[in-house]
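Step one of this worksheet: look at the structure below.
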Amino acid sequence: MLEFPKDQSEGSGEEAVSEAVNSSQSSMSSDSCTSFCRLSFDALELLPPSRPLYSPENMILKPHRSSESSWQAIRTVALKRSSSEGYGGVDGGSSLSFRDFSLVRQIGSGDIGKVYLCRLRNEDEEEGRCYYAMKVVDREVLALKKKIERAATEKKILNMLDHPFLPSLYAQFEASHFSCVVMEYCSGGDLHSLRHKQPRKRFSLCAARFYAAEVLVALEYLHMLGIIYRDLKPENVLVRSDGHIMLTDFDLSLCSDAIPAVQSQSLSSSPDPASSSPAVQRSSSHPFSCLPSQLFRSKKIQSFSATNRLFVAEPVTARSCSFVGTHEYVAPEVASGNSHGNAVDWWALGIFIYEMVYGCTPFAGVTNEATLRNIVKKPLQFPTVSPISSRETQARDLISRLLDKDPENRFGSKRGAADIKTHPFFNGLNFALIRSATPPVIPRQTTTSSRYFGGPTSTFDFF
């Protein structure tokens, strides 16, 4: 059994740092990777070095995060290791390894791994330390559970991502029979926990629209890469320190292909009342409206931008027969055992918006079986007969169209986010600049210095 010596600057009072993140993982199963109850990276020093999976020379600096201190700290340590020892891997460089990190505490557990708050081991300045989330997977347990493919899928996807609302992968390495990935740490918890802190345990329509828009942009990017998420729920929508969101957990995702195309908005497969709105026509008639018209010197490009065109990259041909997801969020085609595709993400978006606005999901039953029956047979109902505002009317219309039980007619099933963005519920939102918008809630910043922790401690157990 491996011992886990706790970071000497951290103690039992660390709840001030990661209380929200710890609660964000509470809905995950706790039956996985039980052999990783106690771990010491110091003990692993006795093991032969493993092949590095990242080299500083080949480390991809994500454009939207490359200037941040967390990236700079990783880069600095990687370059120091490269010049000092090096492993001579297939890429000829050295890599970050378990020797470079100190684990602080467990902040979550999932079906295929556990997540730990960690920091770089030799950072000098206590106040300027960068904290990360390390997901640790026991490959031996994965083999017993026959879930090696799921873990491989998640790692593959994490290596593909480069988006403000999706995880940044900082490092990946192996230690003994454990596989580790180091990702961004979100100090604001998740939307499930945040919703329960709101009045009546629900978000305002304005806040719900903001979070729905950022989730929509993240799903759009995933679908452009041919990735169907299949696990959208508030517990998997983390909140960064700046208040913006980050989707997490990709082990249930389906990798497929998406063929990008530019289509006329008039080619919609079904009449779209959102498109007929004058406000929407004004906001969507110029797909490059965030750029000055002078930028397009060519008359041909100017005529293109002046037409009602949409960029579409939706994995419409992807199919799977797996039963995956959270019961209250699975689509009718999944609940009934039929094959499914990209439309399951848009169904889940409808459930997500409903829960943000009304504080509950629309088809929840007493048991999981009852919930699945409701999803397949029960008609959609709202808590009150009449909406109290025009914005709520728009929200109900969007939810109703996303929760169409027929995946072929479901809003977004043909052209994805390109159509959903034009709905009146999102009137006035500039999706191109949403990253610069002020979030509804900005988490309280907590200084992660030793005065918030107990004194130096000896080895401790997680369980």
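Yes/no matrix, rows are residues, columns are (1) at pLDDT below 50; (2) buried (at least 22 other Cβ atoms within 10 Å of the Cβ):
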| residue | (1), (2) |
| --- | --- |
| L225 | no, no |
| S241 | no, no |
| I245 | no, yes |
| T248 | no, yes |
| L267 | no, no |
| S270 | yes, no |
| L291 | yes, no |
| L295 | yes, no |
| A313 | no, no |
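To keep it simple, each residue is scored yes or no on (1) in the same structural domain as L142 (by TED's automatic domain parsing); (2) more than 28 Å from N430 (Cβ to Cβ).
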residue	(1), (2)
C180	yes, yes
H196	no, yes
A207	no, no
A213	no, no
L222	no, no
I227	no, no
R230	no, yes
K233	no, no
I245	no, no
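With respect to the conditions (1) modelled with pLDDT under 95; (2) surrounded by 14 or more Cβ atoms within 10 Å (Cβ to Cβ), R451 falls short on a single one, namely (2). Listed residues V137, V181, V141; which is part of a helix (DSSP H, G or I) and either touching a Leu at 6+ places or on another chain (Cβ under 6 Å) or aliphatic (A, V, I, L, M) (or both)? Residue meeting the stated conditions: V141. Tell me whether region 216-230 contains one or more residues that are free of Cβ contacts under 8 Å to residues at least 12 places away in the same chain and assigned to a helix (DSSP H, G or I). Looking for residues that are free of Cβ contacts under 8 Å to residues at least 12 places away in the same chain and assigned to a helix (DSSP H, G or I), one finds none in region 216-230, hence no.
Within region 64-82, residues that are within 13 Å of E184 (Cβ to Cβ) have Cβ atoms under 6 Å from residues that are among the aromatic types (F, W, Y) in these pairs: R65/W71; I74/Y170, counting only partners at least 6 apart in sequence or on another chain. For region 361-379, the criterion of being loosely packed, with under 15 Cβ neighbours inside 10 Å, modelled with pLDDT under 95 and under 25 Å from R202 (Cβ atoms) is met by none of the residues. Within this structure, S256 passes the test of being closer than 21 Å to K414 by Cα, at pLDDT 85 or above and either over 18 Å from the mean Cα position of the chain (by Cα) or surrounded by fewer than 20 Cβ atoms within 10 Å (Cβ to Cβ) (or both). Every condition in (1) surrounded by fewer than 23 Cβ atoms within 10 Å (Cβ to Cβ); (2) acidic (D, E); (3) closer than 21 Å to N236 by Cβ holds for D345 except the one numbered (1).
The values are calculated or read from the model by the stated rules, or taken from the named source; none is laboratory data. Everything numeric in this text was worked out from a predicted model, so none of it was measured. Methodologically, a virtual Cβ is constructed for each residue, glycine included, from the backbone with ideal geometry; neighbour enumeration extends over all protein chains shown.
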